[in-house]
Amino acid sequence: MEYSLQALPNGKCVVREDVVFSGGSTEVVHPFYLYIWLIRGGGHTIVVDTGPKDLAAFNRGTAEYIPGGVTQEPDEETVAALAKAGVLPEDVDHVILTHLHGDHAHNFYLFENAKLVASRRGIVDGFPRSLPKVLLEPLIPGWPDSLVLTDDEEVLPGIRRAARALQWTRHAGASSWRVTRLTYSQTSRRTGRSVGRTRMIAWPHSKSCAPPATWCSRATTR
């Protein structure tokens, strides 16, 4: 199966070093760039991460360690970024989340026809404190088919969502990161042949599931 992978800019910010690296300084910041990843092929339109729903609220909640907050150009907002790539939210059939932070997950409600693909451990371990209603409520109409929980499994032919531990070392400090590995096929522009690709999307590492209607009664209101 061949897929194309496109990175759609979704904003930028600076993050305090001690949040990013173990032993980092509280006085130093590092630039970060937010992306939505668009995968197309085999009759599927897939989005990896969704961007923040309420950017102002996200910035208020993270002001201590993201000074100045996340900023977005108008064409970097989720719907506009997808539109530039010729995709409407209703065209998307799978949304894969690397993790459940608001700037990655809270726009899932936009994708009314999509299944949510998320870490089994992340969903189960995070419930109910870290699972907002904005993430859970869209699952209700299509339950239980609307949610796909994975550990190290193929989501679609040629695409596997796999959580991995990784050591990222900088200077004398090391920080544990968790990684979503996406594997897919792509046609080489140089040779015209199909070649396998792997994309690693990393973030800091910091039971049976009830129906989402039950979750929403106990979930946060973010």
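The values are calculated or read from the model by the stated rules, or taken from the named source; none is laboratory data. These numbers were taken from a predicted model, which means no experiment stands behind them. Glycine gets a Cβ as well: all are built from the backbone with ideal geometry, and neighbour counts include every protein chain shown.
Restricting attention to segment 66-84, does a residue exist that is closer than 23 Å to Asp151 by Cβ and either surrounded by 14 or more Cβ atoms within 10 Å (Cβ to Cβ) or of a type in the set (S, T, N, Q) (or both)? So far as segment 66-84 goes, no, none of its residues is closer than 23 Å to Asp151 by Cβ and either surrounded by 14 or more Cβ atoms within 10 Å (Cβ to Cβ) or of a type in the set (S, T, N, Q) (or both). In segment 1-63, counting only strands (runs of 3 or more DSSP E) that sit wholly within it, the ones holding 2 or more residues that are within 24 Å of Val92 (Cα to Cα) and of a type in the set (Val, Ile, Thr) span 29-41, 44-48. Of the set (1) buried (at least 16 other Cβ atoms within 10 Å of the Cβ); (2) closer than 30 Å to Glu17 by Cα, all apply to Lys115 but (2). Would segment 95-109 turn up any residue that is under 21 Å from Leu55 (Cβ atoms), outside any loop (DSSP other than H, G, I, E, B) and modelled with pLDDT under 85? No: zero hits. Residues that are among the aromatic types (Phe, Trp, Tyr), surrounded by 18 or more Cβ atoms within 10 Å (Cβ to Cβ) and over 24 Å from Ala162 (Cβ atoms) within segment 22-65 comprise just one, Phe58.
Mind checking whether some residue in segment 79-92 is assigned to a loop (DSSP other than H, G, I, E, B), more than 22 Å from Ala118 (Cα to Cα) and of a type in the set (D, E, K, R)? No.
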